Amino acid sequence: MKMRMIIKKYRNFIIVMMISMIIGGILGGFSDKISKMDLSFGEDMSKFLFKALFALSLIITIYLIVTIIYIKSNYMKVDLDNIPKVLNRKVSNAILLCTIQAIIGLTWDAVVINKSFDEGPLYLILVPTIFIIIAASLLTTSMKYFNYLYPNRKMNLFENGAEKKYFDKLDDGEKWVTYTCSYTTFNKMQMVYTVGLVISMLLSMFINISIEVPILIGVIWIIQNLIFSFESRKYEEV
Amino acid sequence: MELRNRVKELRARYNLSQGELGKLADASRQTISLIERGDYSPSVLLALKISKVLKVSVEEIFYLEGENEDEDDNKKV
């Protein structure tokens with residue numbers, strides 16, 4: 001009876017451990033054959049990343065432009081006390097995608113600089129930079145519509161402490177939503193770091209993964225936990 | 001015991017939308033929606049504001065799960 005309760009309590013942990021053991025055993029058994037496989041893109045990796053990021057950025061930017069045109073043609077007609085859910089969703093989607101596009105642009109810039117310093121044309125850095133500028137401009141436009149729809153919680157992106165000032169304008173319920181989403185993000189990121197480390201370990205068997213990848217994941221993971229701990233300790237003081 | 005509420009029912013009595021009730025109670029539409037769904041328990045201040053708008057006491061809007069059933073049972077006895 002006690003044993004059954006223990007198994008029930010640790011069921012998920014036991015399942016994950018067993019799956020890991022099976023995968024580890026299979027990989028270990030085939031390690032000789034795996035080591036002979038070459039799944040790397042070799043010299044073309046940088047070119048592949050450039051094209052992939054270009055395609056991704058183009059799709060996101062086109063979607064953003066279409067969304068913003070839709071918002072522009074509708075936002076003046078709505079009753080501000082009952083903003084349609086579709087419009088509300090479109091505005092928040094536009095802000096989210098602009099932010100993601102800016103992050104993709106910065107990552108793309110890093111990829112281009114990394115390759116271009118040693119070999120390849122440095123002018124290619126202009127392409128991701130243009131996409132970042134477009135994303136920033138679309139974000140400013142989206143924020144303009146957001147500020148029109150929610151006049152009591154206007155946000156100025158370029159103001160100092162804009163995020164905090166926006167948070168202070170939220171009411172109790174919205175602050176509770178932010179708290180719930182932040183804590184869920186924190187918990188899910190712990191899983192993302194674990195999966196990231198495991199994937200980097202597995203991929204290192206097939207392709208040449210830089211040693212900085214697992215170190216970077218580990219460092220970010222530790223920093224996140226330290227920030228959380230130090231922030232929560234501020235509120236423990238009597 | 002969980003906190004339950006009759007905000008949706010009372011709001012319908014006055015024919016108010018979530019946005020309108022939110023505006024009158026100084027809260028957002030999202031917050032009213034969260035309260036109605038039982039996802040979020042409002043602060044004392046917001047509960048008092050809602051009760052003022054809906055013209056009933058706080059206890060008539062917010063109650064602990066099972067409390068109303070207990071009262072009904074007592075009345076029957």
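The values are calculated or read from the model by the stated rules, or taken from the named source; none is laboratory data. Being a predicted model, the structure only gives us computed values, none of them experimental. Counting neighbours? That spans all protein chains shown, and the Cβs are built from the backbone with ideal geometry, glycine included.
Of all the criteria given as (1) among the polar types (S, T, N, Q); (2) within 30 Å of residue B:40 (Cβ to Cβ); (3) surrounded by 14 or more Cβ atoms within 10 Å (Cβ to Cβ), the one not satisfied by residue A:187 is (3). Among the residues of region B:44-57, those identified as more than 8 Å from chain A (Cβ to nearest Cβ), closer than 19 Å to residue A:176 by Cβ and in contact with a helix residue (DSSP H, G or I) (Cβ under 7 Å, 6 or more places away or on another chain) are B:47, B:48, B:50.
Taking the criterion of being assigned to a loop (DSSP other than H, G, I, E, B) and not small (Gly, Ala, Ser), the residues of region A:194-238 that qualify are A:205, A:206, A:207, A:208, A:209, A:211, A:235, A:236, A:237, A:238.
When A:232, A:200 are checked against the criterion of being surrounded by 13 or more Cβ atoms within 10 Å (Cβ to Cβ), outside the structural domain of residue A:23 (by TED's automatic domain parsing) and either over 30 Å from residue B:41 (Cβ atoms) or free of Cβ contacts under 8 Å to residues at least 40 places away in the same chain (or both), a single residue qualifies: A:200. Considering region A:1-54, the qualifying helices (runs of 4 or more DSSP H), each wholly inside and each with 2 or more residues that are modelled with pLDDT of 75 or more and not assigned by TED's automatic domain parsing to the domain that holds residue A:114, run over A:2-9, A:11-29.
If you check B:21, B:3 for being more than 25 Å from residue A:153 (Cβ to Cβ) and more than 8 Å from chain A (Cβ to nearest Cβ), only one passes: B:3.
Scanning region B:35-52 for residues that are more than 11 Å from the chain's Cα centre (by Cα) and of a type in the set (A, V, I, L, M, F, W, C) yields B:44, B:45. Of the numbered criteria (1) assigned to a loop (DSSP other than H, G, I, E, B); (2) more than 29 Å from residue A:21 (Cα to Cα), the one residue A:164 fails is (1). Scanning region B:31-43 for residues that are more than 9 Å from chain A (Cβ to nearest Cβ) and without any contact (Cβ under 8 Å) to a residue 12 or more places away in the chain yields a count of 1. A count restricted to region B:14-43 and to residues that are touching a helix residue (DSSP H, G or I) at 6+ places or on another chain (Cβ under 8 Å) and part of a helix (DSSP H, G or I) stands at 13.
Residues are listed down the side, and each one gets a yes or a no for (1) over 26 Å from residue A:226 (Cβ atoms); (2) within 14 Å of chain B (Cβ to nearest Cβ); (3) in contact with a Phe, Trp or Tyr (Cβ under 6 Å, 6 or more places away or on another chain):
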| site | (1), (2), (3) |
| --- | --- |
| A:122 | yes, no, no |
| A:133 | yes, no, no |
| A:156 | yes, no, no |
| A:160 | no, no, no |
| A:163 | no, no, no |
| A:175 | no, yes, no |
| A:181 | no, yes, no |
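Among the residues of region A:140-174, just one is surrounded by fewer than 13 Cβ atoms within 10 Å (Cβ to Cβ) and touching a residue at least 24 places away in the same chain (Cβ under 8 Å), namely A:151.
Looking at this structure, is residue A:69 of a type in the set (A, V, I, L, M) and over 18 Å from the mean Cα position of the chain (by Cα)? When the stated conditions are applied, residue A:69 passes them.
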